[in-house]
Amino acid sequence: MSKLFGMIHLPSLRNTDFDINEIINYAIDETKKLEDLGYDGIVIENFGDQPFSSIKVEDEIIVKLSIICHELRKVFSGSIGLNILRNATLQAMKIASILKLDFVRSNIWEGAYVTDQGIINGVAYDVMKTKRLMNSEVKIFADIFVKHATPLADFSVLEAAEHALGRGGADNIIISGRKSGGEIDYSMLDELNSSGIKPIIGSGLKLDSIPKYKGKISGAIVGSAIKEKDITSKIDMSKASEFIKKWRMEI
């Protein structure tokens, strides 16, 4: 059964004007909305920390994320994923392994991409090594052709997927549009499906586009489409409710 994950976009963890308890309460409130509506899980993301560092964030952000995830794990029984932007997957894996979260999202897992943070190399080797050392069961959802980035190598989408899953050891792949909230290139989905790969949709899923994905994906992460105004807004219960109803009916 395809799973639907809702995004929890955290406010800035660098901004000292935000009390950690305020952020915890915000994250819990947003998570409870999704839990009450029957979403399968959530993805926690430090979206408010723009501009993002490339592969490592400050210690204070790690401490805050650890506290927030710890509190969420106590009150939410669904799947919890962690994505530390831009690509601090190694730090995310350590947090997720210790707190028994379910998965991490890695924006750049294999290969090298030109991004708005410069050139970022894949982190598969270091993360998988750490996962083994920690005897971790945390899954890895790896982006290919990730948004806000351009690959340096001329791999096809299928080659990129096979590298991520096979050589990189990811558990599933994510495809997204060119930017946050952007729709995917459907030809990429068709190419993956032709080889039996059902990815997770990482951006651009809208209420009226849900039927297009029937039988083609293993899950989706939704953010913009269920927010009150924009990606930084709170979750709109009416939109989120309508979204999951159609998801359950169509997918």
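Of the residues screened, residue 175 is not one that is out of contact with any strand residue (DSSP E or B) (no Cβ under 7 Å at 6 or more places or on another chain), under 22 Å from residue 1 (Cβ atoms) and open to solvent by less than 10 Å² (accessible area, probe 1.4 Å).
One residue alone among 169, 122 is in contact with a helix residue (DSSP H, G or I) (Cβ under 6 Å, 6 or more places away or on another chain) and either modelled with pLDDT of 95 or more or surrounded by fewer than 14 Cβ atoms within 10 Å (Cβ to Cβ) (or both), and that residue is 169. Of all residue pairs spaced 6 or more apart or on separate chains, those with beta-carbon atoms under 6 Å, a first member in the range 157-179 that is farther than 10 Å from residue 145 by Cβ and a second member that is among the hydrophobic types (A, V, I, L, M, F, W, C) and part of a helix (DSSP H, G or I) are 168/124; 169/128; 170/164.
A quick yes/no check of all residues on (1) surrounded by fewer than 22 Cβ atoms within 10 Å (Cβ to Cβ); (2) without any contact (Cβ under 8 Å) to a residue 24 or more places away in the chain; (3) assigned to a helix (DSSP H, G or I); (4) aliphatic (A, V, I, L, M):
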{"position": "11", "(1), (2), (3), (4)": "yes, no, no, no"}
{"position": "54", "(1), (2), (3), (4)": "yes, no, no, no"}
{"position": "63", "(1), (2), (3), (4)": "yes, yes, yes, yes"}
{"position": "68", "(1), (2), (3), (4)": "no, no, yes, yes"}
{"position": "104", "(1), (2), (3), (4)": "no, no, no, yes"}
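For residue 204, state whether it is open to solvent by less than 70 Å² (accessible area, probe 1.4 Å), more than 19 Å from residue 42 (Cβ to Cβ) and out of contact with any strand residue (DSSP E or B) (no Cβ under 8 Å at 6 or more places or on another chain). So residue 204 does not fit the description; no. Among the residues of the range 230-245, is there at least one that is surrounded by 21 or more Cβ atoms within 10 Å (Cβ to Cβ), under 15 Å from the mean Cα position of the chain (by Cα) and either in contact (Cβ under 8 Å) with a residue 40 or more places away in the chain or in a helix (DSSP H, G or I) (or both)? Scanning the range 230-245, I find no residue that is surrounded by 21 or more Cβ atoms within 10 Å (Cβ to Cβ), under 15 Å from the mean Cα position of the chain (by Cα) and either in contact (Cβ under 8 Å) with a residue 40 or more places away in the chain or in a helix (DSSP H, G or I) (or both), so the answer is no. Of the residues in the range 14-22, not one is modelled with pLDDT of 95 or more, touching a Ser or Thr at 6+ places or on another chain (Cβ under 7 Å) and open to solvent by 40 Å² or more (accessible area, probe 1.4 Å).
Exactly one condition in (1) in a helix (DSSP H, G or I); (2) under 28 Å from residue 50 (Cα atoms); (3) open to solvent by 10 Å² or more (accessible area, probe 1.4 Å) is false for residue 164; which is it? Failed condition: (3).
The values are calculated or read from the model by the stated rules, or taken from the named source; none is laboratory data. Fair warning: this is a prediction, and the values are worked out from it, not measured in the lab. Cβ atoms come from the backbone with ideal geometry, glycine included; neighbour counts cover every protein chain shown. When the accessible area is computed, the model is the full protein with side chains, heavy atoms only, and any ligands, DNA or RNA have been set aside. Shrake-Rupley method; radii C 1.70, N 1.55, O 1.52, S 1.80 Å.
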